[in-house]
Amino acid sequence: MLSPVSQPPSPTPTRRIAHLDMDAFFASVELLRYPQLKGLPVVIGGGRRREDDMFARLREAYPEREWTGAELDRIPVEFFPRLESYVGRGVATTATYAARQFGVGSAMGLMKAARLCPQAILLPVDFEEMRRISRLFKNTIREIAPVVEDRGVDEVYIDFTHVPGGQRENGRVLARLIQKSIFQATGLTCSIGVAPNKLIAKMASEFNKPNGISIVQTDDLQGLIWPLPCRKINGVGPKADAKLQGHGIHTIGELAQRERGWLVEHFGKSYGAWLHEVSWGRDDRPVQTESEPVSMSRETTFERDLHAVRDRAALGTIFTRLCEQVAEDLSSKGYAGKTIGVKLRYDNFQIVTRDVTLDHFTSDAATIRRQAGLCLKRVDLDRRIRLLGVRVGKLVKPGTEGEPPAVYSASPHTPTPRDKTRHDHNDLLFPELDG
Ligand code: TTP
Ligand code: MG
Ligand code: MG
């Protein structure tokens, strides 16, 4: 007879997904360069010019010094440009936590920020440095936990489930190790949320910012997730939120109390069903190491600026070729897309884009050409053009199930009278687009 005490079955590990987000990323990177600003309100935004002013003033005050890279940390704090004198239309990309105490934050106009916190130091963004540090912290994570999904410059999802030690203290031990390793590699702090899925992990990483770790388990749904505003769901944008509010739904808990059928009725089949699932904390999307492309595009900058009337033939040929190239890219990788768009850069470097979303997926060159042509009719073609691009988005691989939920949009584009004028006008320019 078998012993009653047999080997316990090896338990299936609990799914543990982490979301990691760097703290005040652009600002923290600048503080590495200028550690004398630590603890002070610093706002990132605006152009290069004001920092150049600082170097000019420094050279005047200390002509004997070089003020090159190695000496940046010795620049006296009073030499740094302040927000108080800012005039212009720039916006803050981010702010240090010291500046946030004054109410300053991402996407705020710098003049408004200046009213809230005039003493804040204003520094420009160094995109190249941001990308370098971004690669560095992501590579550090991959050495510890290989299944990492890149979600932009300062955040990633990480699958802890099968990483050695990934289950200890529900993921807290591994999260601490990653925080420590990133700090050693970069000098920067980050915040991590660990949860049963990406949806909850993304919310959890914000719970203890900065330099925090939050663990959320399935049975924390009611206590920790339901009290949050719906806007905290990654995928509920301002329009959907406004509509939810209009129905008296403010929190995720209130959303969960609505019937799935009611949500489908008011928000559409796909988005309504998705809202229901996420309000109950359900999300089984895998952590994707190589992210699927969101769109494919081709664009070209002309050797000289072209004009829609005078260079009509040349533009038409280039445009058709771009559409054919995108169609080839899609076909060769096995994708089809639903949104077709154009991008133009005028001779004054202004960029305009227009797109249209079809009711079916396509990778057909003629369809792309026709729809992109219609988009082109909605832009101003009086200015000369430097660059033309064609993009196909909302991609799927035909044959694979499950289209990701579309970001909610209140109404499809309806041409305004102004667009209509442009239609007529541009018909003259691209007559061959009508067929
Ligand atoms: P976030 O992670 O949203 O913000 P953050 O890292 O500055 O602060 P937090 O500690 O709250 O995470 O964005 C990362 C970087 O992306 C941010 O440092 C600057 C840039 N960014 C913009 O350029 N514009 C924006 O509107 C936002 C939100 C961010
Ligand atoms: Mg961040
Ligand atoms: Mg972020």
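Every condition in (1) farther than 21 Å from K38 by Cα; (2) part of a helix (DSSP H, G or I); (3) away from ligand 1 (no atom under 15 Å from the Cβ) is met by V87 except one, and the failing one is (2).
State yes or no: is T161 surrounded by 13 or more Cβ atoms within 10 Å (Cβ to Cβ), over 15 Å from D21 (Cα atoms) and either more than 16 Å from ligand 1 (Cβ to nearest atom) or not charged (D, E, K, R) (or both)? Yes; evaluated as a whole, the condition is true for this residue. Close contacts from the range 133-158, counting a first residue that is among the acidic types (D, E) and a second that is within 13 Å of ligand 1 (Cβ to nearest atom) and in a helix (DSSP H, G or I), with Cβ to Cβ under 6 Å and a gap of 6+ residues or different chains, come to D154/F25. On inspection, L32 passes the criterion of being within 16 Å of ligand 1 (Cβ to nearest atom), surrounded by fewer than 18 Cβ atoms within 10 Å (Cβ to Cβ), more than 30 Å from R168 (Cα to Cα) and modelled with pLDDT of 85 or more. Within the range 290-333, the set of residues being under 20 Å from the mean Cα position of the chain (by Cα) and surrounded by 13 or more Cβ atoms within 10 Å (Cβ to Cβ) comprises P293, S295, M296, S297. With respect to the conditions (1) out of contact with any Lys or Arg (no Cβ under 7 Å at 6 or more places or on another chain); (2) crowded, with 17+ Cβ neighbours inside 10 Å; (3) outside any strand (DSSP E or B), V392 lacks only one, and its number is (3). Only one of the listed residues (I141, I121, I200) is of a type in the set (V, I, T) and within 16 Å of ligand 3 (Cβ to nearest atom). That residue is I141. If the condition is being at pLDDT 95 or above, within 14 Å of ligand 2 (Cβ to nearest atom) and touching a helix residue (DSSP H, G or I) at 6+ places or on another chain (Cβ under 6 Å), then the range 144-155 contributes only D154. Each residue in the range 152-173 was checked for being among the charged types (D, E, K, R) and part of a loop (DSSP other than H, G, I, E, B), and 1 pass.
Tell me, yes or no, whether the range 307-328 has at least one residue that is in the same structural domain as D355 (by TED's automatic domain parsing), part of a helix (DSSP H, G or I) and over 27 Å from R383 (Cβ atoms).
yes
Among the residues of the range 94-111, the one identified as in a strand (DSSP E or B) and surrounded by fewer than 19 Cβ atoms within 10 Å (Cβ to Cβ) is G109.
The values are calculated or read from the model by the stated rules, or taken from the named source; none is laboratory data. Remember, predicted model here, so these are calculated numbers, not experimental data. Every residue, glycine among them, receives a Cβ derived from its backbone with ideal geometry; neighbour counts consider all protein chains shown.
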